[in-house]
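Single-structure report; data block below.
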Amino acid sequence: MGEKRTDEFRQDAVLIAFTSGLTRKQLADDLGVGVSTLDTWITAHRDTDVVSQEDLSLAQENDRPQYEVRILKEEQKGSNVGGIQHCGPCLAKLAG
């Protein structure tokens, strides 16, 4: 069985999860715990005072660019025509 973590450790992990900009996998690896364990801690402490409203707002702002990057990467994967990566205007020429 894994190492028992203190409540203070778990609360600090939740605070870091909301404010660091790290992915949960990166943070879990850094802390030496599983992603599911970290998710459990986050769920347990989500509605507590562990994370201030200001930190939570900052975390939400940080999530937005990461979300947009994921969307752009997915769109970029779809722009691969004939094994060659194409930009938007190139794709328009190919389609036209």
Discussion item. I need the phi-derived Karplus couplings for segment 43-49: 6.51 cos²θ - 1.76 cosθ + 1.60, θ = phi - 60°, integer Hz, Gly and Pro marked x.
Written reply: 4, 5, 9, 4, 9, 9, 8
Discussion item. From the phi angles alone, apply the Karplus equation (6.51, -1.76, 1.60; θ = phi - 60°) to segment 17-22 and give each ³J(HN,Hα) in whole Hz, x where the residue is Gly or Pro.
Written reply: 4, 7, 10, 7, x, 6
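What full-extension length gain, to one decimal in nm, is calculated for Asp29 and Leu72 as 0.36 nm per residue of separation minus the Cα-Cα distance?
Value of the extension gain: 12.9 nm.
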Fill in: Residue-by-residue Karplus 3J(HN,Hα) for segment 9-15, coefficients 6.51, -1.76, 1.60, Hz, glycine and proline x
4, 5, 5, 4, 4, 5, 4
Worksheet item: If Lys and Arg each add +1 and Asp and Glu each add -1, what is the summed charge of the other residues whose beta carbon sits under 12 Å from the beta carbon of Ser36?
Response: +1
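Read the figures in this text as sums done on the coordinates, not as results from a lab. Small disclaimer: the values here were computed from a predicted structure and weren't measured. We place every Cβ from the backbone using ideal geometry, glycine too, and count neighbours over all the protein chains shown.
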